[in-house]
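> Below are the structure tokens for one structure; questions will follow.
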Amino acid sequence: MDRREFLRSSGIEIRTLELWIAQRWLVPEAGESGEDFTEREMARASLIRDLHRDFGVNDEGIDVILHLVDQLHGLRRTLDLLREEMGKTPR
């Protein structure tokens, strides 16, 4: 989705979006017509908004949480690949 669709769907303001992109909390893909936001960015925006609004987490805390979430997802991908490879080997 493009920036306008993302802003409408996520409910965040343009200044907030620009800040989150500058902080690299959201990293939209480069599309033909500019930025292309995926469901991943939508989920991250919801998480960031909830952490900030509902839990009162400050910017430094959000940095740490997003880093840990990214590590967790990376580890899950690695584990899935290992399981896949183990399934290919004869016993």
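> In the range 64-80, is there at least one residue being not in a helix (DSSP H, G or I) and not basic (K, R)? Quick ask: steps written out before the conclusion?
Within the range 64-80, the subset not in a helix (DSSP H, G or I) is none.
No, the range 64-80 contains no residue that is not in a helix (DSSP H, G or I) and not basic (K, R).
> With touching a residue at least 12 places away in the same chain (Cβ under 8 Å), out of contact with any strand residue (DSSP E or B) (no Cβ under 8 Å at 6 or more places or on another chain) and exposed (fewer than 13 other Cβ atoms within 10 Å of the Cβ) as the only criterion, which of S10, S33 stands out?
On the way: S10 fails: exposed (fewer than 13 other Cβ atoms within 10 Å of the Cβ).
Step by step, each of S10, S33 is checked, and only S33 is touching a residue at least 12 places away in the same chain (Cβ under 8 Å), out of contact with any strand residue (DSSP E or B) (no Cβ under 8 Å at 6 or more places or on another chain) and exposed (fewer than 13 other Cβ atoms within 10 Å of the Cβ).
> May I pose another question? Suppose we filter the range 51-78 for residues that are over 15 Å from the mean Cα position of the chain (by Cα) and of a type in the set (A, V, I, L, M); how many remain?
Selection size over the range 51-78: 2.
> Out of the helices (runs of 4 or more DSSP H) lying entirely within the range 1-59, which hold 1 or more residues that are modelled with pLDDT under 95?
Ranges flagged: 3-10, 39-53.
> In addition: Would you point out the residue of the range 7-50, among those that are of a type in the set (A, V, I, L, M, F, W, C) and over 13 Å from the mean Cα position of the chain (by Cα), that is farthest from H73 (Cα to Cα)?
Only one residue fits best here, namely I14.
> Can you work out which of the residues in the range 47-71 that are touching a helix residue (DSSP H, G or I) at 6+ places or on another chain (Cβ under 9 Å), hydrophobic (A, V, I, L, M, F, W, C) and surrounded by fewer than 15 Cβ atoms within 10 Å (Cβ to Cβ) is farthest from L26 (Cα to Cα)?
F55
> One residue is enough: does the range 71-82 have a residue meeting the conditions in contact (Cβ under 8 Å) with a residue 24 or more places away in the chain and among the hydroxyl-bearing types (S, T, Y)? Give the steps one after another, and end with the answer.
Keep residues of the range 71-82 that are in contact (Cβ under 8 Å) with a residue 24 or more places away in the chain, which gives none.
No: the range 71-82 contains no residue that is in contact (Cβ under 8 Å) with a residue 24 or more places away in the chain and among the hydroxyl-bearing types (S, T, Y).
> Taking L81 as meeting all but one of (1) modelled with pLDDT of 95 or more; (2) of a type in the set (A, V, I, L, M); (3) more than 13 Å from the chain's Cα centre (by Cα), write down the number of the exception.
Failed condition: (1).
The values are calculated or read from the model by the stated rules, or taken from the named source; none is laboratory data. This is a predicted model, so every value here is computed, not measured. Counting neighbours? That spans all protein chains shown, and the Cβs are built from the backbone with ideal geometry, glycine included.
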